[in-house]
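Here the structure comes first, spelled out in structure tokens, and everything after it is commentary.
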């Protein structure tokens, strides 16, 4: 063959490039599906952790339902 070893290295580099590119695309697609948190869920968590009391919870809940 007249190409020598350079052609083999170029093919290996292209295969590695495509494997890395496809792997990154799959990783981004899987991690882009972030869960959307409902505002009521946040309010429930704040009540459960003691950040707000029941009176403030009810007033914020009424405000959200408007």
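The values are calculated or read from the model by the stated rules, or taken from the named source; none is laboratory data. Given the structure is predicted, the values throughout are model-derived calculations rather than measurements. Please note: Cβ atoms are built from the backbone with ideal geometry, for glycine as well, and neighbour counts cover all protein chains shown.
Annotations
- From 40, 55, 35, residue being surrounded by fewer than 10 Cβ atoms within 10 Å (Cβ to Cβ) and under 29 Å from the mean Cα position of the chain (by Cα): 35
- Being surrounded by 10 or more Cβ atoms within 10 Å (Cβ to Cβ) and modelled with pLDDT of 90 or more is a description that does not apply to residue 8.
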